[in-house]
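As structure tokens, the structure follows; a few thoughts come after it.
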Amino acid sequence: NPIAYGQSASITATVTPASGTTPPTGTVNLTIDGASTLSASLTNGAATFVVPGLSTGAHLFSATYIGATAFGPSSTAPAGNLSLNVTRAVLTVTASCSNRVYGQVNTCSANVVGYQYTDSAAIVFSGTPTGTTTAARNSPAGSYTATPVPSSLTLTSSGATNYTVSSVNSSFTISGGAAQSIIFFPLPNFTHGASYQLTAR
């Protein structure tokens, strides 16, 4: 079965005796893509390998048993070689805007979950993921939706190789109760006992 970028592959190589029921002992070497090699001892005829750090794409594994007393060497090549595909990992980008009072400006951002190894936004994205909303400053009180800004989710070449992006919306609230003030225009000098119209803004 395929695994996702960032996951370790668990591979078991089993050595079966040509005759008899005694499980072989000794060491099995696992070669990855014809290059790096790992070694593990047999336990009840099986050697298990945990392979981390695989890049996306197809990988080929071959196993070689070096033999032991009463057991001759053998290998998987070529018919028994194992092919494993590493798929891209999923980055979940969730937009959020802070709850606010009517008349205030929106404060929006985006949270990213799913980075593997030492990857970060600076490595994976061309810019900084952020969020937005259709709610304006003078939108009435109520519930509104925050969405990721599509242009902020552009992946670098490295990011596109290793990840896919899943965008998630969230909700926030605009509440009433904005502070108000009443200001009167300056009063002119006037004669005692006279009446004047007060004007406020």
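Close amide H pairs (under 5 Å, H built 1.01 Å from N) link Thr12 with Phe49, residues at least 5 positions away or on another chain. The candidate values are [x] 1, 8, 16, 22, 22, 17, 10, 3, 0; [y] 1, 6, 11, 10, 8, 8, 7, 7, 6, 6, 5, 5, 4, 3, 3, 2, 2, 1, 1, 1, 1, 1, 1, 0, 0; [z] 1, 7, 15, 18, 18, 14, 10, 6, 4, 3, 2, 1, 1, 1, 0, 0; the one derived from this structure for P(r) over Cα pairs in 5 Å bins from 0, in percent carries the label [y].
Under 5 Å between amide hydrogens, built in the peptide plane, is the criterion, and for Phe125 it picks out Thr156 among residues at least 5 positions away or on other chains.
Residues whose amide H comes within less than 5 Å of that of Gly67, counting only those at least five positions distant or on another chain, are Thr27, Ser74 (H built at 1.01 Å from N in the peptide plane). Our coupling estimate for the range 7-24, obtained by passing each phi through the Karplus curve with A = 6.51, B = -1.76, C = 1.60 and θ = phi - 60°, is 8, 8, 8, 9, 10, 10, 9, 10, 10, 10, x, 5, 8, x, 10, 6, x, x Hz, Gly and Pro reported as x. For the range 163-169, 3J(HN,Hα) computed residue by residue from phi via the Karplus equation (6.51, -1.76, 1.60; θ = phi - 60°) reads 9, 10, 10, 10, 8, 10, 8 Hz, glycine and proline entered as x. From the alpha carbon centroid of the range 108-161 to that of the range 1-79 is 42 Å.
3J(HN,Hα) couplings calculated from phi for the range 186-194 with the Karplus curve 6.51 cos²θ - 1.76 cosθ + 1.60 (θ = phi - 60°) are, in sequence order, x, 7, x, 5, 9, 6, 4, x, 7 Hz; Gly and Pro show x.
Tell me, what is a quarter of the convex hull surface for the C-alpha atoms of the range 20-84, in nm² with one decimal? Before the final figure, lay out each step's value.
Details: hull surface 19.4 nm².
Value for the range 20-84: 4.9 nm².
Read-outs: derived from the displayed coordinates by stated rules, not from any lab. Please read all numbers here as calculations on a predicted model, not as lab measurements.
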